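For reference, the structure is listed below as structure tokens.
The values are calculated or read from the model by the stated rules, or taken from the named source; none is laboratory data. Nothing here was measured: the structure is a model prediction, and the numbers come from that model. We place every Cβ from the backbone using ideal geometry, glycine too, and count neighbours over all the protein chains shown.
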Amino acid sequence: MMKNLKKVPVGAIVLLLSLIAIIGCWIYLNDRIEKDSSNPFILEFNGGRDDSVHVGIELMPVKSWINNEGADDETVGAQYDGKIINGYTSDIEDWQLVIKLPAEGILDSSWNGTYEVNGESIILTPDENTNIIPAGEEKTFGFIMISDELLEFGKFEFIGYRQTTYTQYTLFWVMVVAAGIWVVGFFSYLIVSIRVRAYQIRSEKDAKIITQTMRTFAGMIDEKDPYTKGHSARVSIYAQELGKRMGMSKEEVRNLGYIGLMHDCGKIGVPDAVLTKPDKLEPDERKEIEKHTTRGGSVLENFTAIEGIRDGALYHHERYDGKGYPTGLKGSDIPLCARIICVADAYDAMNSDRCYRPRMPREKIVKELDDNAGTQFDPDVVAHMLSMIREGFCDNPAKGK
């Protein structure tokens, strides 16, 4: 599962995690709104506006008169007008106001709601016109009360429900911005992915054309000697596998494949009589054979699109101890790609029938590689080559492509 996860583009993972975060915030906000809307708030305070609770209650007499003046049953009648001020950013609904009576009195008449005298309180329940108090607005109420003296109301209890909306929450606006960024990111990712995919398809097609062209050319070189048919293709496969095992990047491994195909391109100029001679070569014939490295380097001198392709052709017969040709480079001075091709080339040469000798037994090949590690060959490359042989990779190199 982790292996499959690594194949998912980072952009897709970021978009998915961002979407999950936005959905999580949306669920949280919905839950918050539902709780805020379903839970009533209860306020107890003295009259006047209280900014800390965002609700203000005012109730005062606007006119009064005396009933049965001078008599034993003299009373005071008064009209009391009140208002409830909603300082919240959301509407208040289904509210109820409990007005504490400072003294006994008789409720004569009332408006904008239903009034019930209960002991030392008046309970006001709104009617359909006053049931909702819009945000930032107020609702009026009032009544006429008969009492022994003019009353001063100062204590109230207010119960209500807030009509909460998404726009009241900072989190909502954060989500709007995040969602906008996500949408832009999604379409940008989609466009980039389409373009990248088109580029990949084009690159794969170009790589296929390059590979087929090089295979064709390598095949022409190998055809000069029937004993070396398929040699360049096999060296290419071995070199790529060595590159993978040595931790090279995908591009470097691909380049090693191209370098392997073209490493013997200089043999195109070697006379067939020399190339296929079954007997021991004369010194001048040996020199002619050795020229295939410099010829290859010359042929590929201007081929800069593939890094190392000239080095592979020019230096693959250099020795790790500095006794190789054509320049006598030593150790790490020899380009790594050439050191890899050197081992792959030597293995395939020993593992193939040649005009001057038959194929060598596996045990002898292993011994030759092991004995010459550090002198002819880079010992690190040899170690990986020996592992490939032991694991059977080299038994069928076409399978390892």
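Tabulated results
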| quantity | calculated |
| --- | --- |
| Criterion violated by Thr293 - all others in (1) at pLDDT below 95; (2) surrounded by 20 or more Cβ atoms within 10 Å (Cβ to Cβ); (3) of a type in the set (Ser, Thr, Tyr); (4) farther than 25 Å from Thr276 by Cα satisfied | (4) |
| Scan of region 124-154 for residues that are under 22 Å from Trp95 (Cβ atoms) and surrounded by fewer than 16 Cβ atoms within 10 Å (Cβ to Cβ), ordered by number | Thr125, Asp127, Glu128, Asn129, Asn131, Pro134, Gly136, Glu137, Glu138, Thr140, Gly154 |
| Search result, residues across region 58-97 that are under 18 Å from Ile123 (Cβ atoms) and among the hydroxyl-bearing types (Ser, Thr, Tyr) | Tyr80 |
| Residue within region 320-331 that is at positive phi and loosely packed, with under 14 Cβ neighbours inside 10 Å present | yes |
| Flag if Tyr169 is modelled with pLDDT of 90 or more, within 27 Å of Cys25 (Cβ to Cβ) and hydroxyl-bearing (Ser, Thr, Tyr) | no |
| Hey, Ile209 farther than 30 Å from Lys63 by Cβ, assigned by TED's automatic domain parsing to the domain that holds Leu275 and touching a residue at least 24 places away in the same chain (Cβ under 8 Å) or not | no |
| Condition met for Leu261 (in contact (Cβ under 8 Å) with a residue 40 or more places away in the chain and either among the aliphatic types (A, V, I, L, M) or loosely packed, with under 14 Cβ neighbours inside 10 Å (or both)) | yes |
| Subset of region 307-340 that is within 16 Å of Lys267 (Cα to Cα) and among the hydrophobic types (A, V, I, L, M, F, W, C) - its residue that is nearest to the chain's Cα centre (by Cα) | Ile309 |
| Residue list for region 336-365, restricted to those being assigned to a helix (DSSP H, G or I), surrounded by fewer than 21 Cβ atoms within 10 Å (Cβ to Cβ) and touching a Cys at 6+ places or on another chain (Cβ under 8 Å) | none |
| Residue ID - farthest from Leu369 (Cα to Cα), chosen from residues in region 301-328 that are acidic (Asp, Glu) and at pLDDT below 95 | Glu301 |
| Count of region 63-116 residues which are among the polar types (S, T, N, Q), assigned to a strand (DSSP E or B) and closer than 16 Å to Ile146 by Cα | 6 |
| Whichever residue in region 58-92 is in contact with a Lys or Arg (Cβ under 8 Å, 6 or more places away or on another chain) and of a type in the set (Val, Ile, Thr) and, among such residues, is farthest from Lys139 (Cα to Cα) | Ile92 |
| Some residue of region 281-296 being among the polar types (S, T, N, Q) and either in contact with a Ser or Thr (Cβ under 6 Å, 6 or more places away or on another chain) or in a helix (DSSP H, G or I) (or both) | yes |
| In region 10-55, residue modelled with the lowest pLDDT [restricted to those that are out of contact with any Lys or Arg (no Cβ under 9 Å at 6 or more places or on another chain) and of a type in the set (Ser, Thr, Tyr)] | Ser52 |
| Residue among Arg215, Arg162, Arg202, Arg195 that alone is assigned to a helix (DSSP H, G or I), modelled with pLDDT under 95 and in contact with a helix residue (DSSP H, G or I) (Cβ under 7 Å, 6 or more places away or on another chain) | Arg215 |
| Single residue of Glu93, Glu116, Glu69, Glu120 found to be within 60 Å of the chain's Cα centre (by Cα) and surrounded by fewer than 16 Cβ atoms within 10 Å (Cβ to Cβ) | Glu93 |
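Quick grid of which residues meet (1) touching a residue at least 40 places away in the same chain (Cβ under 8 Å); (2) touching a Lys or Arg at 6+ places or on another chain (Cβ under 9 Å); (3) more than 26 Å from Asp36 (Cα to Cα); (4) of a type outside the set (A, V, I, L, M, F, W, C):
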| position | (1), (2), (3), (4) |
| --- | --- |
| Asp94 | yes, no, no, yes |
| Thr125 | no, no, no, yes |
| Asn129 | no, yes, no, yes |
| Thr140 | yes, yes, no, yes |
| Trp173 | no, no, no, no |
